[in-house]
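Student: Quick one: the structure is below, and I'll ask about it shortly.
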């Protein structure tokens, strides 16, 4: 089982929810900001590596970078549905495992 850890904390514009990326599980957890209890868990595509990101100005989309796959992901903040997966120029990356890989694959 891959190592799991939290990376990237993204508060909603109204600060009622906090979205947290979990590497290893390939999920985003949505927490109630007051209680920190989970209210939703959104599964991402296999191979995704949720990293740092932010919420769009209108609060409708969460975007985050995929550190190990050179992509940017856009998630609808209401449904949790992946709306866009944007490929970036291929680069050589070093993932949290310490292994280098060609991110264009």
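Taken together, the values in this text are just the output of simple stated rules run on the coordinates, not laboratory data. Everything quoted here is computed from the prediction, not taken from an experiment. Note that each Cβ is placed from the backbone with ideal geometry, even for glycine, and that neighbours are counted across all protein chains shown.
Student: Which of 65, 49, 79, 29 has the fewest other C-beta atoms within 10 Å, and how do the rest follow up to the most? Mind showing how you got there, number by number?
Tutor: Working: 65 19, 49 23, 79 10, 29 16.
Taking fewest neighbouring Cβ atoms as first place, the list is 79, 29, 65, 49.
Student: In addition: Just check the stretch 5-98 against the gyration tensor rule for me: Cα atoms, a ≥ b ≥ c as the square roots of the eigenvalues, rounded for a/c under 1.5, and otherwise prolate or oblate depending on whether a/b exceeds b/c.
Tutor: Values: a/c = 2.08, a/b = 1.52, b/c = 1.37.
Prolate, because a/c is 1.5 or more and a/b exceeds b/c.
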